[in-house]
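Shown below is the structure under consideration.
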Amino acid sequence: GAGVSQTPSNKVTEKGKYVELRCDPISGHTALYWYRQSLGQGPEFLIYFQGTGAADDSGLPNDRFFAVRPEGSVSTLKIQRTERGDSAVYLCASGEWGRGYTFGSGTRLTVV
Amino acid sequence: EDKVVQSPLSLVVHEGDTVTLNCSYEVTNFRSLLWYKQEKKAPTFLFMLTSSGIEKKSGRLSSILDKKELFSILNITATQTGDSAIYLCAVSVQTQGAQKLVFGQGTRLTINP
């Protein structure tokens, strides 16, 4: 596609529920990142994929968070047993090494 | 721990003014420094800097990197209301065979007419 597409753009869920956030990167981009941005803060790294494998998942805050990219294109960030503290904008970016990364418009997750 | 610090956190100026945004960093395995503009949700890419002392310019925006003093500045001249946004500085670092971006908190710039 022309840009990085993230769905849904907004998600409201109840505490304790499971959510999935989807990222469709720019076609051909092998690198894919997930970031989380809380209000008034810069984006915080969660996980990086190079192709299908998670090359660095050191930013995932705990084992309730998991991400996959089974075919090296679309990625899904999965959050189990959501907590109010998970509320944030979740940003996805794709790119090539040595170049600037292109971000999607993000998913605003609100846990009530 | 890798750290990127931006200043000021917030800045309000009048249309036509010139502004300078600051970014300092302390990281291991530095690869490059990037500036992004964030108006709603998606940060949009402005510059990537890898070499010290070489100014990058795009219209009224320019940026330069000092790898000895570990900082970068972003200048905006003749500001317009459309420049109002959050400006994010990020440093690309090498980790575990990958590169990732470490962001600062951002500078919220407001341009008043």
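How big is the gap, in Å, between the Cα center of the stretch B:72-89 and the Cα center of the stretch A:34-95?
28
Give me the percent relative contact order of chain A, please, defined on Cα pairs under 8 angstrom at least 6 residues apart.
Reported as a whole number, the value is 37 percent.
What is the mean number of Cβ atoms from other protein chains located within 10 Å of the Cβ atom of each residue in peptide A:100-111, rounded to a whole number?
Other-chain Cβ atoms within 10 Å of each residue's Cβ, averaged: 4.
Here's another thing I want to ask about it. Over all residues in B:33-42, what is the mean tally of Cβ atoms on other chains that come within 10 Å of each residue's Cβ?
Per residue, the number of nearby Cβ atoms from other chains is 4 on average.
Give the order of A:VAL68, A:VAL19 when sorted by the count of other beta carbons within 10 angstrom, beginning with the fewest.
Least to most surrounded, the residues fall as A:VAL68, A:VAL19.
Moving on. Taking neighbour counts of Cβ atoms within 10 Å as a proxy for exposure, in what order, fewest first, do B:LYS40, B:LYS67 appear?
Numbers: B:LYS40 11, B:LYS67 15.
With the sparsest Cβ surroundings first, the list reads B:LYS40, B:LYS67.
For the stretch B:3-112, what relative contact order do you get, as a whole percent, if you take Cα pairs closer than 8 Å and at least 6 residues apart?
Answer for the stretch B:3-112 is 38 percent.
Order by neighbour count: A:LYS17, B:LYS37, fewest other Cβ atoms within 10 Å first, most last.
Sorted ascending by nearby Cβ count, the order is A:LYS17, B:LYS37.
Partner chain Cβ atoms within 10 Å, averaged over the residues of B:87-93 - can you pull that number for me?
2
Quote the charge dipole size of the stretch B:3-112 about the Cα centre in Debye, to the nearest 20; the model charges only the Cβ of Lys and Arg (+1) and of Asp and Glu (-1).
Roughly 380 debye, rounded to the nearest 20.
Every number here is computed from the coordinates shown, using simple stated rules; none is lab data. Everything numeric in this text was worked out from a predicted model, so none of it was measured. A quick note on method: Cβ atoms are made from the backbone with ideal geometry, for glycine too, and the neighbour counts reach across all protein chains shown.
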